[in-house]
Each structure stands twice: as structure tokens, then as C-alpha cells.
Amino acid sequence: MRRILTIIDSISEWSGKLISGFVFFLAFLLLYDVIMRFAFNAPTIWCHELALHVFGAYAVLAGPYALLHGEHVRIDIVYNRFSKRGRAIIDTFTYPLFFMFMGLLFWYGFQIGMRSFELKQSVSPSPWASPLWPVKLTIPLAAFLMLLQGLAEYIRTLKLAFTGKELS
């Protein structure tokens, strides 16, 4: 069991570090656009649009890494007043909602992404007309990675809730 959890954690860690590189690419794109626009009076058609695509992919694909490191937003006013085991017991009831939401996000995100691919959907008002399907397909990919990491976290939560001992 620990080996499976380690593999899932390493996938989330690896994907998070890979996705973090998107920030540098995004910064480069925006810097390039600003320099071209203000220094050379030659704004780009494609740069801002590509930056939006990169940011969209970054925003959804960073989720598993954030879940791995416990960085998602929580309402801690009441939750933190419980012991670790008490929080784990609460989480045993909330994780099924998480799985339901991520499952639906995966299912419908995949359908929307594939439909976008089939229709060769693009950003219509743009002269560049960049394709939308790569960005739309990041949604089911992110949901799948979130489901994997959520499963690992849920297994740890169940162990703590039932035995009072943490599974690392």
C-alpha cells in the first residue's frame, strides 16, 4: 500500500514541478508582448492569447501538487479545533463529495475537450484563431491527477480515522 501511495505522491510532485515551469514561460510571453508593444510599437496578435492558454493550463494542473502539500483553501475556524484524528473522521465524510465532483469534472471535461477537438474549435474573434482543445483537455487530465492524489489522501485519512495512527 505504501508503495502505491509513494507512486501517486511522486506523480503529483513531478507534475507539479513540471507545471511550475509554465510560470517562467508565461512571464517570458508577457514580457515579450510588453517589449514589442511599447519599445517597438509592434504588438503581437498571438502572445496575449497564448499567455491566457498557458495560465489556464497552469491553474488547473497545479491542483494535484497543491493537494499533496495541503495547500488548498479550507475554512479552518472550526476544523482546526479538532484533533488530527477528529479532522480525519470529518474528512472521511467529505472526501466522497470530492470524488464525486472530480469524477464529474473528469467525465464532462473529457467530453467537452473531445468535442472541441472534433470541431477544431478555436478562439473565434482572434486573427490567430488558436485552438482551444489543448487547453480544454487539461481539465480532465487535471481531474484525473486530482482523483489519484485524492485517493492517496483518502487512504491516509481512513487509516488515521480508524486506527489513530498516521500512514506516511
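Taken together, the values in this text are just the output of simple stated rules run on the coordinates, not laboratory data. Just so you know, these numbers come straight off a predicted model, no measurement behind them. Cβ coordinates were reconstructed from backbone atoms using ideal geometry, including for glycine residues, and neighbour counts include every protein chain displayed.
Quick one: compute a quarter of the convex hull surface over the Cα atoms of the range 21-93 and quote it in nm².
The number I arrive at for the range 21-93 is 7.1 nm².
So if I place +1 on the C-beta of Lys and Arg and -1 on the C-beta of Asp and Glu, and nothing else carries charge, what would the dipole magnitude of the range 2-163 be about its Cα centre? I want it in debye, nearest 20.
Roughly 540 debye, rounded to the nearest 20.
Hey, if you put +1 on the Cβ of every Lys and Arg and -1 on every Asp and Glu Cβ in the chain, which of VAL73, TRP46, THR92 ends up farthest toward the positive end of that dipole?
Of the options given, the answer is THR92.
Given R₀ = 22 Å, what would the calculated FRET efficiency be for THR163 paired with TYR79, taking r from the Cβ atoms and rounding to 0.05?
After rounding to 0.05, the efficiency reads 0.60.
When the expected Rg is taken as 2.2 N^0.38 Å, what fraction or multiple of it is the alpha-carbon Rg of the chain?
It is 1.29.
Provide the packing ranking of 7-14, 33-40, 147-154, i.e. peptides ordered by the mean count of other C-beta atoms within 10 Å per residue, highest first.
So the peptides 7-14, 33-40, 147-154, ranked by packing, come out 147-154, 7-14, 33-40.
Quick check on packing: order 120-128, 49-57 by the mean number of other C-beta atoms within 10 Å, highest mean leading.
49-57, 120-128
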